[in-house]
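Structure record follows, encoded as structure tokens.
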Amino acid sequence: MTRRRLVRPGLGLHISEGEKFTLYLRRLRMVSKHNLSPPRVWMLPSRMRPVLELLESTVGSVDDVVRHNTLFPLVSRFMPAEDFERVLGHFLDGPQHGLQSKLGMAGPRSGWARHRLLRCPECLKEDIGSCGRPFWRRDHLLPGILFCGKHGQPLHQACELCMDYVMNPMRTLHAGRHCGCGVQPVPEALGLSGTLEAAEIELAQITSSLLEPQYLPNLNHENVAAAIARGAAQKGLVQNERFRWSATEKFFSGHRLLPLIRRTGISIERSLSFRDILKGHQLLRHPVEAILLLKVLHDGWSEASESLNKGTEPPFAGVKTANVSSSGLGLSEYLTRYKKENFEANFKRYAQQYVDLRKEFPDHSHTELMGLLPSHANKYLTEESLAAAGIDVPNVKKNGRRIQKLDKEVAAFIRKRARHLLDTAYPKRISQWALMSGFRRPRLFNDARLAPLLVRARESIDECDESEEQFKQRKEVITSSRRKPR
Ligand SMILES: [Zn+2]
Ligand SMILES: [Zn+2]
């Protein structure tokens, strides 16, 4: 397990690589159950941008979290870019409806992929988060995955009560937590034949690998559709654009992985939708289904990968991908585009905060002001971009002038203050402290960088503050004048 670099290392509750972001929030106990409790909401929470910005020093940027702490790098490969835009928009900004179906999480056949909080007992020993407790690993939380790809162990679940995080939110605080029931392997993972178990483990390994954008970079929804069509044609299930049901039925009914195919939402039937899937006209949106069908049609994952690398090249370039968008943007292109499109809005937002801070801290330098803004802000605001937008940016030259002005102001204040203290018979010694009190920045001389630059102010202090001797004399005058009868 690696930990991401920290901006504020002292805080200690940073997110771990591969930790599911929404459940990291549980570990922090910071989000009320209201935000996460409807059973599917922890999978697809919304309006996370402000939360991310608040936590930036412990979780990193929005991009970091999307890449390392969500399932988006995997699921984005299986859907058109505009659908993924909506999914990401939902996560960051505001609820979008109908996303469950875009993610293959809704519909009559989605029940096989249950939303459960699963963990691998071996990973629990290794995946220790910054609080010293095991974190929830995103790989294990893809609905439909039964095994840990790393350890080949069945994933484990706690008892029904523990899994009800609406009723018992405290039991989801970290992946090692349960009521005392002890965690048990998921029942579907038990009693499998060696072949099926190996296939389940391989599915978990492939989905884990696909969370890394470097792994099979060509695996996107268009290439998946084309590779499925290529495989179906090679197996003779589709010939000359014709769906051959009897060959299809024969191929699948005798397949050694049939129980696994049946476990998923892939329905082997004489239907238009299955025909369109085999022709590459319709997408299988759930990654597990798409991976499984690719593997079955190509007799193995390495063969399927080769086919994926052929992209949409002939003879299957002619395959009409009616439901498939032509803009197959990858996650990184998407994030770049997203940043570009949101640049203006973000610039405006941060620039306004900058202007407000500038009023509040007129003596702060540009760097100091930027330090008060969320660290995202530096992606949008630079001295140049601010100046170009007509915003007043403090710079070295201006700083010099500002310090001179301040110096003059302090010096004048001190002299006026000294006169006032003398006139009102100030009963204590007129010290630097007494002279500076009442100034808008009474501790100005404590600023080690600023103090040496305030030459006139220093002269005024030297001139006006009283020595013990001077104070003694003044005190005598005050007392004697008070003794005088009126
Ligand atoms: Zn494991
Ligand atoms: Zn329990």
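The values are calculated or read from the model by the stated rules, or taken from the named source; none is laboratory data. On a predicted model such as this, the values are computed, not experimentally measured, just so you know. Glycine gets a Cβ as well: all are built from the backbone with ideal geometry, and neighbour counts include every protein chain shown.
Give the residue that is nearest to residue 146 (Cα to Cα), with candidates limited to residues of region 160-197 that are within 16 Å of ligand 1 (Cβ to nearest atom) and part of a helix (DSSP H, G or I).
Of the residues in region 160-197, the ones within 16 Å of ligand 1 (Cβ to nearest atom) are 174-176, 183-186, 189, 197.
Then keep just the ones that are part of a helix (DSSP H, G or I); that gives 189, 197.
On the way: 189: 6, 197: 10 Å.
Checked region 160-197; the qualifying residue nearest to residue 146 (Cα to Cα) is 189.
If you scan region 133-147, which residues turn out to be assigned to a helix (DSSP H, G or I) and either among the acidic types (Asp, Glu) or touching a residue at least 24 places away in the same chain (Cβ under 8 Å) (or both)? Those that are assigned to a helix (DSSP H, G or I) and either among the acidic types (Asp, Glu) or touching a residue at least 24 places away in the same chain (Cβ under 8 Å) (or both): 138, 139, 141. Applying the condition of being at pLDDT below 85 and not basic (Lys, Arg) to region 394-408 and asking which residue is surrounded by the most Cβ atoms within 10 Å (Cβ to Cβ) yields 394. Taking only region 434-455 into account, find how many residues are modelled with pLDDT under 90 and in a helix (DSSP H, G or I). Residues in region 434-455 being modelled with pLDDT under 90 and in a helix (DSSP H, G or I): 7 in total. Scanning region 120-133 for residues that are touching a Lys or Arg at 6+ places or on another chain (Cβ under 7 Å) and at pLDDT 90 or above turns up 123, 127.
Out of the residues in region 112-169 that are within 16 Å of ligand 2 (Cβ to nearest atom) and of a type in the set (D, E, K, R), which is surrounded by the fewest Cβ atoms within 10 Å (Cβ to Cβ)? For region 112-169, the residue satisfying everything is 160.
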